[in-house]
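Report on the following structure.
The values are calculated or read from the model by the stated rules, or taken from the named source; none is laboratory data. Note that the structure is a prediction, hence the values are computed from the model and not measured. All Cβ positions, glycine included, derive from the backbone under ideal geometry; neighbour counts span all protein chains shown.
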Amino acid sequence: MSRHEASGGCHCGQVRFRVRFDDPPELLDCNCSICAKTGFLHLIASADDFTLERGAEALSDYRWGTGTARHLFCRTCGIKSFYVPRSHPDGFSVNWRALDDVESITPRIRFYDGRHWEQARSDLG
């Protein structure tokens with residue numbers, strides 16, 4: 001299996017990061033309320049595979065429910081390009097749509113029933 005590295009960030013450019021991932025990447029298309037409304041396609045990455053290059057001070061933290069997930073938004077443009085998910089609190093979930101120049105990579109997209117998170121949790125591995 002080969003590995004890729006891609007850069008990404010928010011719309012205004014204040015937040016920039018790099019992420020490494022397997023080829024082909026597996027993305028989760030979650031139907032929970034926040035993912036469905038924002039069109040977030042999850043690329044789960046370990047902390048070792050994720051580097052925030054700039055913009056920590058530009059991020060705003062939004063939490064609800066259990067408060068475990070740290071939804072991180074750019075304070076200027078409002079884009080959530082990555083966050084710390086409840087399912088992987090020691091890693092990150094990167095929005096595939098916030099990555100630059102990944103059009104030539106064909107990911108595998110898997111549905112995830114986030115509306116029923118407690119029952120579907122075992123599907124995350």
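So which residues in the stretch 14-37 are closer than 17 Å to HIS88 by Cβ, in a loop (DSSP other than H, G, I, E, B) and in contact with a Pro (Cβ under 8 Å, 6 or more places away or on another chain), if there are any at all?
PRO25
Is it the case that LYS80 is closer than 27 Å to ARG121 by Cα and modelled with pLDDT of 95 or more?
Answer is yes for this residue.
Okay, residues lined up against (1) small (Gly, Ala, Ser); (2) over 30 Å from SER2 (Cα atoms); (3) without any contact (Cβ under 8 Å) to a residue 12 or more places away in the chain:
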site: SER33; (1), (2), (3): yes, yes, no
site: GLY39; (1), (2), (3): yes, no, no
site: HIS42; (1), (2), (3): no, no, no
site: ALA58; (1), (2), (3): yes, yes, no
site: GLY67; (1), (2), (3): yes, yes, yes
site: SER87; (1), (2), (3): yes, no, no
site: PHE92; (1), (2), (3): no, no, no
site: LEU99; (1), (2), (3): no, no, no
site: PRO107; (1), (2), (3): no, no, no
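What's the total number of residues in the stretch 6-55 that are of a type in the set (Asp, Glu) and in contact with a Ser or Thr (Cβ under 7 Å, 6 or more places away or on another chain)?
Number of matching residues: 1.
Identify, by number, the condition in (1) modelled with pLDDT under 90; (2) out of contact with any Lys or Arg (no Cβ under 7 Å at 6 or more places or on another chain) that PHE92 doesn't meet.
Failing condition for PHE92: (1).
Restricting to the stretch 20-38, what's the tally of residues that are small (Gly, Ala, Ser) and out of contact with any strand residue (DSSP E or B) (no Cβ under 8 Å at 6 or more places or on another chain)?
Counting residues in the stretch 20-38 that are small (Gly, Ala, Ser) and out of contact with any strand residue (DSSP E or B) (no Cβ under 8 Å at 6 or more places or on another chain) gives 1.
Being over 18 Å from LEU28 (Cα atoms) and polar (S, T, N, Q) is the filter here, so list the residues in the stretch 64-105 that pass it.
Hits for the stretch 64-105 are THR66, THR68, THR76, SER104.
Restricting to the stretch 30-45, name every residue that is touching a His at 6+ places or on another chain (Cβ under 8 Å) and at pLDDT 95 or above.
Matches in the stretch 30-45: ILE44 only.
Scan the stretch 1-13 residue by residue and report those that are part of a strand (DSSP E or B) and buried (at least 18 other Cβ atoms within 10 Å of the Cβ).
ALA6, GLY8, GLY9
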